[in-house]
């Protein structure tokens, strides 16, 4: 088990290195211009541009800059560990901005995950147990609506109904939990529900399909033949086996969300990683862009690592695959 975990940890480090390398290559090979020129303002002199390039290390070849970034990432820089460098625009540490915005994105992702699990799994179970009934058709209709409706349409529609007309929920913006817990909850309620609809629809369809397949297995028929109550057959034997693929999908989905829900954060004006990376790309702020990429890659790789370890714990055969 220890060797398996070490192998997976090394794989996480390799994934992060590959993703940061690709990000650097894309940034420097695409004709996006020199960030020092934009930072220097209107009509800059060559001496000023050269000074700015030297200050931010842009006078080195891109592969040298990448090596310096990797060194600071693992060993830290003048601003501490991990070292994400200094923003081209504000000259402030990127790490501080990243972590503050990551906390907002984390709150959005956790709340949405709770909502979509609370909606998707029960809907999938009921739909599978009431197959071809009106409840099943209504559940799959909800799933089809959740998959088809764009997030930005649902977000704007939610704001128009609950904020503009009914005025029962606050509009866009962010309120911290420490300043006003009630306002924080109401502020996040719409983004949580809107973001969770798409995932809840996928999870409902997956749980329904897995549970229908599991309930036709021989050991389910054996459990029923032994006289076990139907509730115990469904929840202890059927549901436990059918939720295994959901664990994998949840690890990937949650990790991706922690990298920033760009559309949701933009619609509801949340200062998370999604809006930050869009602004950084427009400003050609390389440390900020690569910082978000590394953070998102870490989240995805970490939660896949957690899922792999859980699988290895539940099924020892996975450790030797």
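Here are a few things to note about the model shown:
- Count of residues meeting criterion [touching a residue at least 60 places away in the same chain (Cβ under 8 Å) and within 24 Å of residue 66 (Cβ to Cβ)] in segment 269-299: 17
- Scoring residue 53 on the criteria (1) part of a helix (DSSP H, G or I); (2) at pLDDT 85 or above; (3) in contact with a helix residue (DSSP H, G or I) (Cβ under 7 Å, 6 or more places away or on another chain) leaves a single failure, condition (2).
- When every residue of segment 303-314 is checked against the conditions, none turns out to be under 27 Å from residue 74 (Cα atoms), under 24 Å from the mean Cα position of the chain (by Cα) and surrounded by fewer than 14 Cβ atoms within 10 Å (Cβ to Cβ).
- Filtering segment 101-128 to residues that are in contact (Cβ under 8 Å) with a residue 60 or more places away in the chain and under 15 Å from residue 273 (Cβ atoms) leaves 101, 102, 104, 105, 106, 107, 108, 109, 112.
- Failed item, numbered, when residue 108 is tested on (1) in a loop (DSSP other than H, G, I, E, B); (2) under 20 Å from the mean Cα position of the chain (by Cα): (1)
- Scanning segment 72-101 for residues that are in a helix (DSSP H, G or I) and buried (at least 20 other Cβ atoms within 10 Å of the Cβ) returns 73, 94, 95, 97, 98, 101.
- Among residues of segment 211-230 that are under 14 Å from residue 125 (Cβ atoms), those with a Cβ under 6 angstrom from a residue that is surrounded by 15 or more Cβ atoms within 10 Å (Cβ to Cβ) and at pLDDT 85 or above, sequence gap 6+ or separate chain, pair up as 211/128; 212/128.
- Failed condition for residue 242, given (1) crowded, with 19+ Cβ neighbours inside 10 Å; (2) outside the structural domain of residue 121 (by TED's automatic domain parsing); (3) at pLDDT below 85: (2)
Rundown of residues vs (1) surrounded by 14 or more Cβ atoms within 10 Å (Cβ to Cβ); (2) part of a helix (DSSP H, G or I), yes/no style:
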{"residue": "145", "(1), (2)": "no, yes"}
{"residue": "163", "(1), (2)": "yes, yes"}
{"residue": "170", "(1), (2)": "yes, no"}
{"residue": "174", "(1), (2)": "yes, no"}
{"residue": "187", "(1), (2)": "yes, yes"}
{"residue": "194", "(1), (2)": "yes, yes"}
{"residue": "197", "(1), (2)": "yes, yes"}
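- Among the residues of segment 24-36, not a single one is at pLDDT 80 or above and surrounded by 18 or more Cβ atoms within 10 Å (Cβ to Cβ).
The values are calculated or read from the model by the stated rules, or taken from the named source; none is laboratory data. Since the structure is predicted, the reported quantities are computational estimates derived from the model, not experimental observations. Virtual Cβ from ideal backbone geometry, glycine too; neighbours counted across all protein chains shown.
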